[in-house]
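A short write-up of the structure that comes next.
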Amino acid sequence: MEIFTYDGFLILLQVIGIDLVLAGDNAIVIGLAAAGLPKDQRAKAILVGIIAATIMRIGFALITTQLLAIIGLLLVGGLLLLWVCWKMWRELREGGHEAEHAAAEALADEDLNKDGTIAGGAPRKTFAQAATQIVIADVSMSLDNVLAVAGAAHAHPTVLIVGLVLSVALMGFAASFVARLLNKHRWIAFIGLAIILYVALKMMYDGALEIIHGRKEHPAVELIEAAPATGAPAGTTTAPAPAATSSP
């Protein structure tokens, strides 16, 4: 399996970084939306958000092959991820630690800063408002996650499968842990941001090539397929064999 090759292993590390950061970001958004709810509704909203995000990741993962078959989708996905990178960079640069801390407290249902409240500074909202925010965020961020993993690993099927399964697992079973990890260790988010930026630019480049050449394969494949069966390089011609002459 290509996952045990050097290239496959490097791409797997990229995919793990993508999954970790995007799953954590999704969890923080869910926690932020639920932080303004009363305690009895907060846990319900978080559960709904995590289940919805997990189901959406599974759904998008199941149609990944069909998505990758659409010419130009890599370019669109790359542009979408580029916007995600800008948003993440702005949030990391400007701080927003208080909001993320409130989200982590809501997810953990624990007074992490020992101020006597759980997400006490979050603005109040209704359950319907929180659920709407969560579902909209889940759709966007689940698609971002699947496209990023597919863009990084689409040439390595085993890595692609592992990445998609890990994405679902992190969101379904470890969302709270990942959110708290990223809130505590900010450098992980910066590394993940760099990986996502690289994947976004690569997807845009590959997607542009697809549109220019009107097919999914890299143009180098055309040269290989056009080469004669004799093994001569593409674009070369073989000289005709001299005609046989009969002896007088």
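Please compute the length gained on full extension between residue 76 and residue 186, using 0.36 nm multiplied by the number of residues separating them and subtracting their Cα-Cα distance.
Working: separation 110, 0.36 × 110 = 39.60 nm, distance 2.86 nm.
In short, 36.7 nm is gained.
Per residue, how much accessible area does segment 1-80 have with a 1.4 Å probe, in Å²? Walk me through the intermediate numbers first.
Details: 3680 Å² over 80 residues.
Per residue, segment 1-80 has 46 Å² of solvent-accessible surface.
By the gyration tensor of its Cα atoms, with a ≥ b ≥ c the square roots of the eigenvalues, what is the shape of segment 37-80: rounded for a/c under 1.5, prolate for a/b over b/c, or oblate?
oblate
Nearest 0.05, what FRET efficiency do residue 132 and residue 194 give at R0 = 35 Å with Cβ-Cβ as r? Each step should come with its number before you reach the end.
Working: r = 32 Å, r/R0 = 0.92.
Rounded to the nearest 0.05, the efficiency is 0.60.
What nm value, rounded to one decimal, do you get for the distance between residue 6 and residue 44 when each label is placed 7 Å out toward the C-beta?
With each label point 7 Å from Cα toward Cβ, the separation is 5.7 nm.
Can you tally the net charge around residue 137? Count Lys and Arg as +1, Asp and Glu as -1, for every other residue whose Cβ sits under 11 Å from the Cβ of residue 137.
Working: positive: none; negative: 25, 138, 144.
Residues close to residue 137 contribute a combined charge of -3.
Order the peptides 159-172, 31-44, 4-17 from the highest to the lowest mean number of other Cβ atoms within 10 Å of their residues. Working shown, then result.
Details: 159-172: 21.9, 31-44: 19.8, 4-17: 16.6.
Result, highest mean Cβ count within 10 Å first: 159-172, 31-44, 4-17.
The values are calculated or read from the model by the stated rules, or taken from the named source; none is laboratory data. Keep in mind that what you see is a predicted model, and the values were worked out from it rather than measured. All Cβ positions, even for glycine, are placed from backbone atoms using ideal geometry, and neighbour counts span all protein chains on display. The protein model used for the area step is the full one, side chains on, heavy atoms only, and it has no ligands, DNA or RNA in it. Shrake-Rupley method; radii C 1.70, N 1.55, O 1.52, S 1.80 Å.
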